[in-house]
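So the structure is just underneath, and the comments pick up after that.
The values are calculated or read from the model by the stated rules, or taken from the named source; none is laboratory data. Since the structure is predicted, the reported quantities are computational estimates derived from the model, not experimental observations. Positions of Cβ are backbone-derived with ideal geometry, glycine not excepted, and every protein chain shown enters the neighbour counts.
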């Protein structure tokens, strides 16, 4: 165990209110690590109050619910920010108004935002890091419910163990989670399946992605297109990974127009590291999978050009 993890476990013992935040535009690991940690803490400390803070995430509600937490609840509370590299990407309010803030993350460390910052860039996921806490803690014991959430997070961030951060430790974590009796096949189906309108969008995306001679892909999804396909904001993200299945693409970006005129930016690479580009535009993430926000069309085009020049 590291000094950071010892300090984190001691903080869990000390505080009676623990509020767990995750990043905006959540994925299975964000919700899975947040929910899994909350369930572990509730089981270990039934007298404590544990919150999972953030806006509703309907497409991931099957992993765990989000809670709206009042400002008053933060007085004297421990705040945990999980799976989030910098403060600009923290979902929910008041995260800086607790008595202590802990950061648990596996992205490149862009912001020492916590009193305690535990960052492991070799971990496949924040969910794997939560599992690592469990195996070194006499208080935290894996439950089937917590294991379900953590397994969802691990297979989400590893692409079902396909991506390069999948290690022997990742498979060890999965084995421990499976040993609780979770339905791994059902979790996998839940993450893999999508409704018909999402399928139609994926087909449209594969037909309309722009591909340069050097293997750079770019796709713009407008508000009008989301309306045309009957999709809520966020559901279009199912198209991002599928674009990378095209053999002619080495790195790619998907822009989604938001209601305020800005654009959600999802950057991906097969061999080219793209996270520094995301950081330059106020985002962050992994070397081969990062996100950011483009304020306007001019920044959108700049990102396209910068990605092509990598």
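Brief remarks follow.
- Pairs with Cβ under 9 Å, 6+ apart, first in segment 98-115 and at positive phi, second surrounded by 22 or more Cβ atoms within 10 Å (Cβ to Cβ): none
- The residues on offer are 189, 160, and the sole one that is assigned to a loop (DSSP other than H, G, I, E, B) and loosely packed, with under 14 Cβ neighbours inside 10 Å is 160.
Matching residues to (1) closer than 30 Å to residue 14 by Cα; (2) touching a strand residue (DSSP E or B) at 6+ places or on another chain (Cβ under 7 Å); (3) in the same structural domain as residue 102 (by TED's automatic domain parsing); (4) at pLDDT 95 or above:
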residue: 131; (1), (2), (3), (4): yes, no, yes, yes
residue: 145; (1), (2), (3), (4): yes, no, yes, yes
residue: 151; (1), (2), (3), (4): yes, no, yes, yes
residue: 155; (1), (2), (3), (4): no, no, yes, yes
residue: 165; (1), (2), (3), (4): no, no, yes, no
residue: 171; (1), (2), (3), (4): no, no, yes, yes
residue: 181; (1), (2), (3), (4): no, no, yes, yes
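- Within segment 32-58, being crowded, with 18+ Cβ neighbours inside 10 Å and either out of contact with any strand residue (DSSP E or B) (no Cβ under 8 Å at 6 or more places or on another chain) or at positive phi (or both) holds for 32, 36, 39, 40, 44, 54, 57.
- Inter-residue pairs, beta-carbon under 6 Å, first free of Cβ contacts under 8 Å to residues at least 60 places away in the same chain and in segment 152-181, second surrounded by fewer than 22 Cβ atoms within 10 Å (Cβ to Cβ), 6+ apart: 158/166; 178/184; 180/142; 180/144; 181/144
- If the condition is being touching a strand residue (DSSP E or B) at 6+ places or on another chain (Cβ under 8 Å) and at pLDDT 95 or above, then segment 69-86 contributes 69, 73, 74, 76, 77, 78, 79, 80, 81, 82, 83.
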